[in-house]
Amino acid sequence: MENTPALTAQQGTPAATGDPVDYRRALGHVPTSVAVVTASARSGPVGMTVGSFTSVSLDPPLIAFFVDRSSKTWPRLYEASHFGVNVLGHGHSELCKAFSRRSEDRFLDVDWHLSARGLPLLDEAIVTMECTRFKVDLIGDHYQVVGRVESLELRATDPPLIFLRGGFLDLSASGTAPGRDEGDG
């Protein structure tokens, strides 16, 4: 990956967080997994890419993601009390982009199916979860959406799609599995 341009403040000197460009650039150094959240709205299937998906609790099984409150997709997702989470694998950057574009039909040319609960799930996702909306809070300029996991399926053991510094990190190129010790011996 190429070097990131310097922040407004000198390296090693704290910068004020008032500049959104500096704030975003600095936090771009934090890798995030990529998921597509889907639901069945009155107008049909709806989905959006999120780069903030995380596990919250094992008991009860809770997950969370964040949505910009200015999102045009969020009101349609909010119509449904259930939603799907589709964790993308390392080779799915185009699928990520399909659900990030400004389009009414993000499902066009995407392989998907309706689950038994009626949720649109992406066929290529490495993990899918079906969730019930548990809680939504407005925090700053985003909604924090917490869901209770009702069912999940591990479909593939491929590395996840990781977003880092404005691009995608290819974990498959390293030839090693995460967490594997590569000592000399």
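The values are calculated or read from the model by the stated rules, or taken from the named source; none is laboratory data. Quick caveat, the model's predicted, so the values are computed rather than measured. Glycine also receives a Cβ, built like all others from the backbone with ideal geometry; neighbour counts cover every protein chain displayed. Just so you know, the surface numbers come from the protein's heavy atoms only, side chains and all, with ligands and any DNA or RNA stripped out. Shrake-Rupley method; radii C 1.70, N 1.55, O 1.52, S 1.80 Å.
First measure r as the distance between the Cβ atoms of Asp137 and Asp170, then evaluate 1/(1 + (r/R0)^6) with R0 = 22 Å and state the FRET efficiency to the nearest 0.05.
Details: r = 34 Å, r/R0 = 1.57.
Rounded to the nearest 0.05, the efficiency is 0.05.
Backbone amide hydrogens, once placed in the peptide plane, bring Ser115 within less than 5 Å of Leu121, excluding anything fewer than 5 places away on its chain.
Leaving ligands, DNA and RNA out of it, rank Lys72, Lys97 by accessible area with a 1.4 Å probe, largest first. Intermediate results must be reported in sequence, preceding the final value.
Numbers: Lys72 170, Lys97 100 Å².
Result, largest first: Lys72, Lys97.
Between amide H atoms placed 1.01 Å from N, distances below 5 Å from Arg155 occur with Val127, Thr128, all of them 5 or more places distant or on a separate chain.
Taking every protein chain into account, the 1.4 Å probe leaves Ser33 with about 40 Å² of accessible area, to the nearest ten. Against the criterion of solvent-accessible heavy-atom surface with a 1.4 angstrom probe, Thr73, Thr54 sort, most first, into Thr54, Thr73.
Our coupling estimate for region 71-82, obtained by passing each phi through the Karplus curve with A = 6.51, B = -1.76, C = 1.60 and θ = phi - 60°, is 4, 7, 7, 3, x, 6, 5, 5, 4, 9, 7, 10 Hz, Gly and Pro reported as x.
Accessible area per residue (1.4 Å probe, heavy atoms of protein chains only) ranks Arg69, Arg24 as Arg24, Arg69, with the largest value leading. Over all other residues within a Cβ to Cβ distance under 14 Å of Val110, the charged ones net out to -4, with Lys and Arg as +1 and Asp and Glu as -1.
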